[in-house]
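A short reminder: the numbers here are calculations on the coordinates, not readings from a lab. Predicted model only: the values in this text are computed from it and were never measured. Counting neighbours? That spans all protein chains shown, and the Cβs are built from the backbone with ideal geometry, glycine included.
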Amino acid sequence: MMESRKTVILVIPSDIVARGLEGILVDSGEFVVEDILKDLSRQAEARLKLIDPDLVIIDPSVLDFKSRKDGRSRLADICDSIVVAISGPGLTEEAIRQYDGSVSLYDNREDVLRKIRSSMESRQSEPMVSDGGELSSREKEILVCVAKGMLNKEIADKLNLSIYTVITHRKNITRKTGIKTVAGLTVYALLNGLIDMSSVQ
C-alpha cells in the first residue's frame, strides 16, 4: 500500500499552513509528505531534485513579487512534478493559472483533496507515448538544448516558443526515453549522436 502513495514536498513558509496541509494529505492515506521547505533556496532546490516528488504544493509567496509570474517554469527546471499552488490574498489569477492546479487557504479538507486529485489526474490523462517512441525533430532540438545545460526559459527564448510548449516537449521526451534527469538525457543525446562531447558543459 505504501508504494501506491504519492510523494509530496510542501514549499510553504507558514508552519500552521504547512502542518495543516500535511495532516490533510497524510490522513487521506494517498500521500506521503517527504519534506516541508520554507523557501526555494539552493539547498531547497537540491532537495527537490534529490527527492523528485510526484507532487509539489507551493505557496507562491516564497517567490519574490517579480518572479511569481515564472514560478511554475522555475520549478519545471528543478523537477518534473505536478505543481499545485496555494492561492490566497495578494496573488493574481494570472499567477495562479500557470500551475497545474490550485487550492485556496479557505478550502475545506474535501475540496483540498478533490482539487489535488484533479490536478494529478489531468497530468495522468495526458496522452502517453509508448516507451522508445521516436523523438520528433523539435524534441531533438530541445533535447540538445537540455544537454547543453540550458534552462526552460533559455530554450523558449532561443527557439521562439512559449515556456509551456518547452515544458510539454520535455515531458514528451521523458515519456519517450524513460529518462528523467538532465544527466541521463545528456548521455542519451551523446549516445545517439545528437551532440558531441565538446558541446557539453
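For Cα Rg over 2.2 N^0.38 Å, computed directly from the structure shown, the correct entry in (1) 1.11; (2) 1.06; (3) 1.19 is (2). By the helix-only formula, in which each DSSP H run with n ≥ 4 contributes -39500 (n - 2.57) and the sum is divided by residues, the chain has a 222 nm mean residue ellipticity of -14000 deg cm²/dmol. All other residues whose Cβ lies under 11 angstrom from that of V166 are scored, Lys and Arg at +1 and Asp and Glu at -1, for a net of 0. Overall dimensions of segment 137-199, expressed as equivalent-ellipsoid semi-axes from the Cα gyration tensor (√(5λ), whole Å, largest first), are 18, 13, 9. Modelled spin labels at K6 and S162, positioned 7 Å past Cα toward Cβ, are 2.3 nm from each other.
Residue ranges 38-46, 9-17 sort as 9-17, 38-46 when ordered by packing (mean number of other C-beta atoms within 10 Å per residue, highest first). What is the sum of charges around L50, taking Lys and Arg as +1, Asp and Glu as -1, for the other residues whose C-beta is under 13 Å from the C-beta of L50? Once all neighbours under 13 Å are counted, the net charge is 0.
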